[in-house]
Every structure is written in C-alpha cells, then in structure tokens.
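Worksheet: the structure to be examined is printed underneath.
Computed from the coordinates by the stated procedures, all read-outs in this text should not be read as laboratory data. Worth saying up front: this structure is predicted, and the values here are computed from it rather than measured.
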Amino acid sequence: MGAGFCHCWSEYLQATGYQGAALYQNQPAVTDGALITAGATAPIEFAFEIFKKLEVYTAAMLEAWYGLYKTGDPKYFYSAQQLGAGANMSA
C-alpha cells in the first residue's frame, strides 16, 4: 500500500502550519500500536489495517480480501475459496 501517493504532502503540511509534519507518514493508512488512521480516500486500506490488527483473517486470506476489494480481480475470490473461507469474503 502507498504506491502512487503524492510526495507533495510535506510542502502542503508545511504551508498550513501543521505541527505534526515531522511525524506525518505519506501512506493511505497507518497503524501505531492500537491507533489506526487513514485518509478519507482509503477505506479499503483502513479496513485492511483493522482486520490485520484484530486478526480477523489469516495473512493469506487478508491478502486475498484486500486484492479482491482493491482490484475487483476475480482471481482473489478464487484464491479465498481455495483457502477455505469463500463465504467470509463479505466482511
């Protein structure tokens, strides 16, 4: 996650006077301990981080879930079915 994000955010944050700019991470979603945050345009990445933290899926299933909802590519659905939990892909 994070590929393709604009590198101009540091300039924007500096221009706005944002005091936390030194801590800013240019990622769609960030986890730090129990805190998970994401931008408004990253609901799938936000859910991914939550599911990962809560251990809702195995790592392989989580990757299949993310791939399916991020790309819509049916290969991820079939991958999830092979992992034995195709019925849980609606989470």
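Couple of notes before you dig in:
- Calculated over the range 27-85: convex hull of Cα atoms, volume per residue (Å³): 72 Å³
- Extension gain for the segment L62 to Q19, taken as residue separation times 0.36 nm less the Cα-Cα distance, is 12.0 nm to one decimal.
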